Amino acid sequence: MWDWSYAAEILPDLFRALRVTVVATLLGIAMAMVLGLVLAIGRRSRRRVARAPAAAFVEFVRSTPLLVQLYFIFFVLPDLGLTLSPLTAGVIGLGLHYSAYTSEVYRAGIEGVPRGQWEAATALNFSARRTWTSVVLPQAVPAVVPALGNYLIAMFKDTPLLSAITVVELLNTAQELGSQTFRYVEPITIVGVLFLLLSLVSALLIRRLEARLAFNR
């Protein structure tokens, strides 16, 4: 049976854990979006020294599970002299993993820019930097905002994996509360509702951003 008093009692603990989940997700998606753009540009470089490592990184990350990558960052890197806190390791793991996917999204957006735009920038004697910042990216990025938003929502749902490297996030806290009282219905149900609300709010904000970008074109 559902116990409302117990549900109210555990809410503060779950909300504290929710902050960890939100922070990990927002920092992770910020890292993924920046690094993904760098990888996308690198894969389009004419220089093999930039193109090959970017392509190799994307294929490697996409071909290995996120959990394995988290284990490597948190448990293996200390043996190599780099020790990270659980949350830092989790953010880096999420950022690196999703950067491989966002790079493909960016690449699709960049390839969708008409060839005539590139030729016009060349005819106007724009530098490579100005071509990217003034011509290509302003057209490519707005078109891929919905896809990037999908990865934000997916990252929210992947944060429970961080419990494997001792990050006390939302689901981990619910499991601990359940193991202490042998009541799992309330904490797990509340976690499910909170994840649903996070996803809905994120989707709403993404749609508003998409509409605003479309209006400003």
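The values are calculated or read from the model by the stated rules, or taken from the named source; none is laboratory data. Note that this is a predicted model, so its numbers are computed, not measured. In this analysis, Cβ positions are derived from the backbone assuming ideal geometry, glycine residues included, and neighbour counts consider all displayed protein chains.
For L213, the stated conditions hold: it is surrounded by fewer than 15 Cβ atoms within 10 Å (Cβ to Cβ), at pLDDT below 90 and either in contact with a strand residue (DSSP E or B) (Cβ under 9 Å, 6 or more places away or on another chain) or not polar (S, T, N, Q) (or both). Residues in the stretch 128-153 that are surrounded by fewer than 17 Cβ atoms within 10 Å (Cβ to Cβ) and either within 16 Å of I92 (Cα to Cα) or of a type in the set (S, T, Y) (or both): T133, S134. When G116, G95 are checked against the criterion of being over 30 Å from R19 (Cα atoms) and not aromatic (F, W, Y), a single residue qualifies: G116.
Residues that are exposed (fewer than 14 other Cβ atoms within 10 Å of the Cβ) and outside any helix (DSSP H, G or I) were ranked within the stretch 167-210; the one that is nearest to the chain's Cα centre (by Cα) is Y184.
Against the definition (β-branched (V, I, T) and under 24 Å from V23 (Cβ atoms)), how does V136 come out, yes or no? In short, no.
Tallying residues that are over 22 Å from the mean Cα position of the chain (by Cα) and either loosely packed, with under 12 Cβ neighbours inside 10 Å or part of a helix (DSSP H, G or I) (or both) within the stretch 41-55 yields 7. Annotation note: Cβ proximity below 9 Å between a residue of the stretch 66-79 that is touching a residue at least 24 places away in the same chain (Cβ under 8 Å) and at negative phi and a residue that is part of a helix (DSSP H, G or I) and surrounded by fewer than 12 Cβ atoms within 10 Å (Cβ to Cβ) (sequence gap 6+ or interchain) occurs for no pair.
Residues in the stretch 56-74: is at least one touching a helix residue (DSSP H, G or I) at 6+ places or on another chain (Cβ under 9 Å), surrounded by 13 or more Cβ atoms within 10 Å (Cβ to Cβ), within 22 Å of V145 (Cβ to Cβ) and of a type in the set (K, R)? So far as the stretch 56-74 goes, no, none of its residues is touching a helix residue (DSSP H, G or I) at 6+ places or on another chain (Cβ under 9 Å), surrounded by 13 or more Cβ atoms within 10 Å (Cβ to Cβ), within 22 Å of V145 (Cβ to Cβ) and of a type in the set (K, R).
Being assigned to a helix (DSSP H, G or I), loosely packed, with under 14 Cβ neighbours inside 10 Å and either among the basic types (K, R) or in contact with a strand residue (DSSP E or B) (Cβ under 8 Å, 6 or more places away or on another chain) (or both) is a property that R107 lacks. Put simply, of T83, T25 the only residue that is under 30 Å from Q139 (Cα atoms) and among the polar types (S, T, N, Q) is T25. When A89 is tested against the conditions (1) farther than 19 Å from N150 by Cα; (2) surrounded by 19 or more Cβ atoms within 10 Å (Cβ to Cβ); (3) modelled with pLDDT under 95, the lone failure is (3).
Taking the stretch 86-130, which residues are among the charged types (D, E, K, R) and free of Cβ contacts under 8 Å to residues at least 60 places away in the same chain? Passing the criteria: E111, R115, E119, R129, R130.
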